[in-house]
Amino acid sequence: MSASRPLVIGGIASLLLSGCLGVSSEIVSPTPSSLRIALFNVMELSAAKLAAVDATGAGTDPQLLAVAQIIQAIRPQVLVLQEIDLPQAPDGSVVGDAAANARRFADAYLARGPKALEFPHAFAAPTSTGVLTGLDLNGDGHVATPADRGERRHGDDCFGYGVYPGQYSMAVLSRLPLAAGELRSFQRLLWKDLPGHHLPADFYAPAARDLLRLSSKSHWDLPVQVGDRRIHLLISHPTPPAFDGPEDRNGRRNFDEIRLWRLYLDGEPSLVDDQGGRGGYGSDDPFVVIGDLNASPFAADTLYDGRTAISQLLEHPRVQDTGSVCISQGGLAHGGGVPGPPSWPEQNTAEFLGGRRVDYVLPSKELQVLGGGVHWPAEDQDPAAHARAKAASDHHLVWVDVALPPPR
């Protein structure tokens with residue numbers, strides 16, 4: 001829990017009680033002097049769903065139509081999509097990267113209709129989901145092979161869980177240029193090589209410990225060109241701290257996937273990225289940490305080093321906790337209708353487990369936060385928008401507006 005939260009209780013409560021949350025169907029567009037960055041875990045944006053189009057090429061999948069209408073209402077300049085699949089051939093093999101499916105979605109859905117939204121730039125890099133290790137990672141006595149595609153035991157023996165290659169990948173759509181040539185990614189960083197890691201001591205066989213990657217998808221440092229300045233997107237989607245046993249291998253991995261960003265921002269010299277670069281974040285450009293981090297501020301069942309996983313970022317001296325602006329009436333109602341401590345339901349971003357804050361857009365302290373929100377309308381205030389949000393995903397789109405950095 002961020003130390004700044006007690007200072008904003010009154011402000012949040014008054015906004016909530018007055019209904020002035022900025023999350024209704026009328027969304028204020030970003031200004032020329034601001035940048036709107038959004039995150040949306042779209043609950044498996046698959047190739048099969050993208051194949052549903054009419055004779056003009058317009059998308060017809062009901063879930064993706066709801067997703068698109070929400071994005072068109074918020075109108076971000078930079079959008080991170082999570083749970084977007086890689087393109088698949090009929091035999092199940094991967095035939096491209098997630099950026100191709102992101103472009104298909106943008107063309108078939110976002111660029112259509114009265115609120116059409118163009119994203120000329122798309123990016124994705126390899127992720128570890130559904131990539132078999134050739135080892136029995138979960139200790140069930142079975143080493144998964146391609147013949148196990150579509151089954152849980154396939155995912156349990158992969159570098160990152162996926163019942164087929166490329167499930168649960170991620171991509172970026174942007175109206176601003178992306179400096180993809182300067183990407184730093186940590187897809188292949190071994191878990192055992194993370195300083196202070198929390199690998200379970202006796203669960204994995206030595207061969208697995210020597211092979212297992214830290215990142216269940218990947219960790220990307222991707223610069224966005226904003227005029228003559230850059231803002232770095234630090235993107236990841238850590239594994240959920242669940243679906244394991246008393247060894248807590250997924251809880252430990254979630255903690256350490258977030259720990260990687262903490263060490264990166266601290267300038268840890270031992271980190272080596274996939275491109276061969278060494279060290280932590282060495283730029284003087286501002287940044288935004290963004291992703292479904294699968295970590296609640298109140299996840300007391302995954303405490304390591306005496307803290308929750310997400311506190312490593314929310315309490316980091318270089319990071320701003322945007323919980324005071326990323327709020328919604330729908331999250332408040334879903335969580336019982338009482339704002340503020342102890343559970344801060346207005347900050348929830350996902351519906352499962354009674355409501356959880358797990359999706360984050362966290363700017364560095366050099367950036368001035370102008371506003372933001374969680375697109376989760378309350379049913380009693382806007383039934384149609386509430387139903388649309390529910391149809392789109394079990395997560396809700398989160399966005400933050402930041403002032404553009406001054407020229408160099």
Go through the residues of the range 26-33 one by one and say whether even a single one is among the β-branched types (Val, Ile, Thr) and closer than 18 Å to residue 170 by Cβ. no
Residues being open to solvent by less than 30 Å² (accessible area, probe 1.4 Å) and at negative phi - total across the range 53-76: 14
Which listed residue, of 193, 136, 140, is under 29 Å from residue 361 (Cβ atoms), open to solvent by 20 Å² or more (accessible area, probe 1.4 Å) and charged (D, E, K, R): 193
Residue check, residue 374 closer than 26 Å to residue 255 by Cβ, open to solvent by less than 40 Å² (accessible area, probe 1.4 Å) and in contact with a Gly (Cβ under 8 Å, 6 or more places away or on another chain): yes
Scope the range 109-133; condition open to solvent by 40 Å² or more (accessible area, probe 1.4 Å), of a type outside the set (A, V, I, L, M, F, W, C) and under 29 Å from residue 182 (Cβ atoms); matching residues: 118, 120, 121, 126
Before we move on, is residue 162 surrounded by fewer than 16 Cβ atoms within 10 Å (Cβ to Cβ) and assigned to a loop (DSSP other than H, G, I, E, B)? no
Checking residue 272 against (1) aliphatic (A, V, I, L, M); (2) surrounded by 18 or more Cβ atoms within 10 Å (Cβ to Cβ); (3) farther than 29 Å from residue 341 by Cβ, which test does it fail? (2)
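Answer with yes or no whether residue 183 is among the hydrophobic types (A, V, I, L, M, F, W, C), open to solvent by 30 Å² or more (accessible area, probe 1.4 Å) and either at pLDDT 95 or above or touching a strand residue (DSSP E or B) at 6+ places or on another chain (Cβ under 7 Å) (or both).
no
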Take the residues in the range 214-245 that are of a type in the set (D, E, K, R) and open to solvent by less than 40 Å² (accessible area, probe 1.4 Å), then tell me which one is modelled with the lowest pLDDT. 229
Determine if the range 251-263 includes at least one residue that is more than 21 Å from residue 124 (Cα to Cα), exposed (fewer than 15 other Cβ atoms within 10 Å of the Cβ) and of a type outside the set (Val, Ile, Thr). no
Out of the range 305-343, which residues are in contact with a strand residue (DSSP E or B) (Cβ under 8 Å, 6 or more places away or on another chain) and hydrophobic (A, V, I, L, M, F, W, C)? 310, 313, 314, 319, 325, 326, 327
If residue 35 satisfies every condition in (1) open to solvent by 10 Å² or more (accessible area, probe 1.4 Å); (2) at pLDDT 95 or above; (3) within 24 Å of residue 368 (Cα to Cα); (4) touching a strand residue (DSSP E or B) at 6+ places or on another chain (Cβ under 8 Å) but one, which is the exception? (1)
Quick one: in the range 261-313, which of the residues that are among the aromatic types (Phe, Trp, Tyr) and out of contact with any helix residue (DSSP H, G or I) (no Cβ under 9 Å at 6 or more places or on another chain) is modelled with the highest pLDDT? 264
Tell me whether the range 350-363 contains one or more residues that are open to solvent by 10 Å² or more (accessible area, probe 1.4 Å), small (Gly, Ala, Ser) and more than 26 Å from residue 241 (Cβ to Cβ). no
Residue, nearest to the chain's Cα centre (by Cα), within the range 197-230, restricted to residues that are under 30 Å from residue 120 (Cα atoms) and charged (D, E, K, R): 217
Of the conditions (1) touching a Gly at 6+ places or on another chain (Cβ under 9 Å); (2) aliphatic (A, V, I, L, M); (3) closer than 20 Å to residue 44 by Cα, residue 122 satisfies every one except a single condition; which number is it? (1)
Of residues in the range 77-95 being out of contact with any strand residue (DSSP E or B) (no Cβ under 8 Å at 6 or more places or on another chain) and open to solvent by less than 30 Å² (accessible area, probe 1.4 Å), the one farthest from residue 237 (Cα to Cα): 89
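The values are calculated or read from the model by the stated rules, or taken from the named source; none is laboratory data. Remember, predicted model here, so these are calculated numbers, not experimental data. Neighbour counts run over all protein chains shown; Cβ positions are idealised from the backbone, glycine included. Heads up: the accessible areas ignore ligands, DNA and RNA and are worked out on the full protein's heavy atoms, side chains in. Shrake-Rupley method; radii C 1.70, N 1.55, O 1.52, S 1.80 Å.
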